[in-house]
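First the structure, in the form of structure tokens, and then the observations on it.
The values are calculated or read from the model by the stated rules, or taken from the named source; none is laboratory data. Please read these numbers as outputs of a predicted model, since none were measured by experiment. In this analysis, Cβ positions are derived from the backbone assuming ideal geometry, glycine residues included, and neighbour counts consider all displayed protein chains. Keep in mind that these areas ignore ligands, DNA and RNA; they rest on the heavy atoms of the full protein, side chains included. Shrake-Rupley method; radii C 1.70, N 1.55, O 1.52, S 1.80 Å.
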Amino acid sequence: METTRIIGRVSSVRGLLLTATGLERAIGIGQRCRVLGAGGAVLGEVVGVDGAGSHILPFGTWDGIVAGDQVEVSPQGERVRPCDGWIGRVVDPLGRPLDRAGPLPEGRSPRAVRAGPPPAFDRRRVGARLETGIRAFDAFTPLCRGQRMGVFAGSGVGKSTLMAMLARNADVDVIVVGLIGERGREVQDFIQADLGPEGLARAVLVVATGDEPPLMRRQAAWTAMAVAEHFRDRGKQVLLLLDSITRFATAQREIGLSGGEPPTSRGYPPTVFAELPRLLERAGPGCDGQGDITALFTVLVEGSDMEEPVADSVRGITDGHVILDRRIAERGRYPAIDLQRSVSRMLPDCHGPDEFAILSAARRALGRYGDMEELVRIGAYRPGSDPETDAAIRFADPVAAYLGQRKGEATPPRETFADLYRLLVDAGIEVDLPPEAA
């Protein structure tokens, strides 16, 4: 049986934007088409429609395309077919294998990569604390099943290393990693050195490097989310790591500006701030009978500006934020988490009474030390002036050394809290434990 072919023609190409005529009543926003040029077919997506025709962006490049070339409506939609055979594999945003490990198996049911979140009233509440083995995370910024956390940092401060530690140690069934706009050189570094064989063995990686077109970079985030949703629907606990949301927003900015959208906040068009919640809200607790998607979204903060538009938007959507500080990294402590500025919105419920008492005492001591740190460093503080400050000073260096970890280290949360309690007691800091834990 022959299928009907719907054909239009290229009328113009300006930069990334191709305009086709003759398809206006056959194809709408978000649909796929193929442009048939002398060098072969180029897959594209409709990003705008007006009186001039259908405006299309490529998943590749328009090299060799000329006015008059045919444009054909593509039967290929925004769908992937994930299955258990994807675990341990590296795929591109269109669901094609990148790892040269043979053909990629396909699941029986296709899944749309662009979908809505589960209905709010059908979702469960965020679950119990997820053990990560990272001492600073488990104690100060705990991560719970179904929670969404933002990780904010400048370049080179350890975001990828932190993600690899989570992928190696987190108590989950499946890990889905989306590398969006990553440097090509660093993809193999992340897979072989950071993630390692034990991490890759239970992970699916979706990769779009920085040299790829904006449609591919945006699609990488959508595909990673769709893969995570597949495993969630099968009742599995999924850890989703997207690095980075900033590059997803940048790709959407390029798409929006190419389609004629007006730049609004620092050059970002309105669709960026519409797409961010649509993507991030898909992660989180599942409905009855499903698993959960626990998600970490990294945000590349330029110049440590936490108020820039993407960082501000993500911080408002997620259930907490972890800030990596370059000054802490320069002192040699990794992960370089700024404990005072990082927040998990699952506190205090996710900690037991004794754990929360230890956390509160440690935060108070670190806060007091932070207030006096400059005076201490320049010698303006005289020891003995204030007993609480003296105790905080005695606590600060040992706890900083304790919270530093290598990639291969993992500490159970119970052991972490016991060690923190000993450090507090050794520094002379009183911990107000509940009677049953005292």
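Using heavy-atom solvent-accessible surface (probe 1.4 Å) with all chains present, what is the largest-first order of Lys159, Lys236? Walk me through the numbers before you get to the answer.
Working: Lys159 25, Lys236 55 Å².
Ranked list, largest accessible area first: Lys236, Lys159.
What does the net charge come to around His351 if you take all other residues with beta carbon closer than 11 Å to its beta carbon, with K and R at +1 and D and E at -1?
Working: positive: Arg129; negative: Asp138, Asp349, Asp354, Glu355.
Spelling it out: positives minus negatives among the neighbours equals -3.
Need one word for region 178-284: rounded, prolate or oblate. Basis is the Cα gyration tensor (sqrt eigenvalues a ≥ b ≥ c); a/c below 1.5 gives rounded, then a/b vs b/c decides. The shape class here is oblate.
Comparing Arg363, Arg326, Arg282 in a Gaussian network model of the chain where C-alpha atoms under 10 Å apart are linked, the largest mean-square fluctuation is found at Arg363.
Which of the chymotrypsin sites (Phe, Trp or Tyr not before Pro) found in region 235-314 are loop residues per DSSP with 11 or fewer other Cβ atoms within 10 Å of their Cβ?
none
Summarising the amide proton neighbourhood of Arg79: residues at separation of 5 or more, or on other chains, whose placed amide H is nearer than 5 Å comprise Val113.
Over the chain, DSSP H runs of length four or greater, each weighted -39,500 (n - 2.57), average out per residue to a 222 nm ellipticity of -10000 deg cm²/dmol. Shape class for region 79-344: rounded, because the ratio a/c of the largest to smallest gyration tensor axis (alpha-carbon atoms, square roots of eigenvalues) is under 1.5. Can you tell me how region 358-438 classifies by the Cα gyration tensor, rounded, prolate or oblate, using a/c under 1.5 as the rounded cut? Oblate shape, in that a/c is at least 1.5 and b/c is the bigger or equal ratio.
Take every Cα pair under 8 Å whose residues are at least 6 apart in sequence, average their separation, divide by the length of the chain, and the relative contact order is 16 percent.
Once C-alpha pairs closer than 8 Å and six or more residues apart are averaged by separation and normalised to the residue number of region 7-73, the relative contact order reads 41 percent. Translational diffusion coefficient of region 295-433 (Stokes-Einstein, Kirkwood radius from Cα pairs, 25 °C, 0.890 mPa s): 147 µm²/s.
For Arg5 and Gln188, compute 0.36 nm times the residue count separating them, minus their Cα-Cα distance, and round to one decimal in nm.
Working: separation 183, 0.36 × 183 = 65.88 nm, distance 4.12 nm.
Contour length minus the Cα-Cα distance gives 61.8 nm.
GNM remark for the chain: springs join alpha carbons under 10 Å apart, and the peak mean-square fluctuation among Val35, Val207, Val314 falls on Val35. What whole number of Å gives the distance from the Cα centroid of region 124-163 to the Cα centroid of region 389-426? Between the Cα centre of region 389-426 and that of region 124-163, the gap is 18 Å. Full extension of the segment from Arg422 to Ala201, taken as 0.36 nm per residue of separation minus the current Cα-Cα distance, would add 75.9 nm.
Cut-off 13 Å, label point 7 angstrom out along Cα-to-Cβ of Val66: give me the residues of region 22-37 whose amide nitrogen falls inside. Within reach of a label on Val66: 37. Computed on region 60-166, with alpha-carbon pairs under 8 angstrom and 6+ residues apart, the relative contact order is 18 percent.
If the chain linking Val49 and Cys83 were pulled fully straight, counting 0.36 nm for each residue of separation and taking away their Cα-Cα distance, it would gain 8.7 nm. Listed values for region 405-412 are Karplus-derived 3J(HN,Hα) couplings in whole Hz (6.51 cos²θ - 1.76 cosθ + 1.60, θ = phi - 60°), namely 9, 8, 4, x, 7, 8, 10, x, and x replaces Gly and Pro. Among residues other than Leu205 whose Cβ falls under 9 Å from its Cβ, what is the net charge (Lys/Arg +1, Asp/Glu -1)? After counting each charged neighbour, the total is 0. Computed from point charges on the beta carbon alone (+1 for Lys and Arg, -1 for Asp and Glu), the dipole magnitude for region 48-188 about its Cα centre is near 680 Debye.
Centroid-to-centroid, using Cα positions, region 51-101 and region 215-273 are 16 Å apart.
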